[in-house]
Amino acid sequence: MNTQTFYDRLRCCYLDTGNSNDAKAFFMRQILEDYFNFLNNGSDEGEKLNFASAQALWMERTGNYRLSREITYIRQELNKVVHRAKTDISNNTLRAYYEFTVRIINLISNDMPDEATMAAYGYVKDTYLNDLNEHQRDAVIDSSKIVYVNAGPGTGKTHLLVYKIIDLLVKERDNVNEKREINSCHRRHGLRLLLPAHLSEASQCGACDHGGQQRKPAEGAGGSVSAG
């Protein structure tokens, strides 16, 4: 058993047409509980703890209190479904639960979900990142609140900033109501280099659709990436 096993279980649960949304949410909670028992035991065998106890043991072992708060949030939401305090789950809410659980496993394991798992909640692999080198791409996709870029003149810092803005626009399909503040670059011509070519791509993927449901984003820590 490995991380991919849990991605597969979540995807199959989410796409199962034979169950109601309430039942799917119930099973998502069970999958997360199994995942934390797996993290604590190193296998699918051994003593099985309930979700809260398994999470507490994991937090005590790792000290990751920030992420644990996010996990508690989704656990409490799913508990409402289990205890019938929340029923008739909408498709948008179920999608948020699915995406949230996938991202929690991703943040804990550092194993990226496979394309099928991400496609299930509407993610389509974007090609615009192919225009960047490895260091620039790392800085663009970094989800930290602060990314420090240390590079000399002419190394592509403005190019990187343009693609960071494009990346934020594209990711709006996942959280269209989240307010973002983008600081403009002093070299304004950089913004005109590539945006027109990619705005249509962002629009097609839902970046300009304001009809989505707001979801609580996972918090990120600051990072440091050098642009080469």
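The values are calculated or read from the model by the stated rules, or taken from the named source; none is laboratory data. Just so we're clear, the structure is a prediction, and the values are computed from it rather than from any experiment. A quick note on method: Cβ atoms are made from the backbone with ideal geometry, for glycine too, and the neighbour counts reach across all protein chains shown.
Only one of these conditions is not met by Leu169: (1) closer than 30 Å to Met1 by Cα; (2) of a type in the set (A, V, I, L, M); (3) modelled with pLDDT under 85. Which number is it?
(1)
Which pairs have Cβ atoms under 7 Å, sit 6 or more apart or on different chains, and link a residue in the range 38-54 that is not assigned by TED's automatic domain parsing to the domain that holds Asn79 and surrounded by 17 or more Cβ atoms within 10 Å (Cβ to Cβ) to one that is modelled with pLDDT of 90 or more and basic (Lys, Arg)?
Here the result reads none, with nothing in the range 38-54 linked to a residue that is modelled with pLDDT of 90 or more and basic (Lys, Arg).
Just checking, does the range 144-159 include any residue being surrounded by 14 or more Cβ atoms within 10 Å (Cβ to Cβ), more than 24 Å from Phe51 (Cβ to Cβ) and under 13 Å from the mean Cα position of the chain (by Cα)?
Checking the range 144-159: at least one residue is surrounded by 14 or more Cβ atoms within 10 Å (Cβ to Cβ), more than 24 Å from Phe51 (Cβ to Cβ) and under 13 Å from the mean Cα position of the chain (by Cα).
Mind counting the residues in the range 64-88 that are over 18 Å from Lys24 (Cβ atoms) and assigned to a helix (DSSP H, G or I)?
Total satisfying the criteria: 9.
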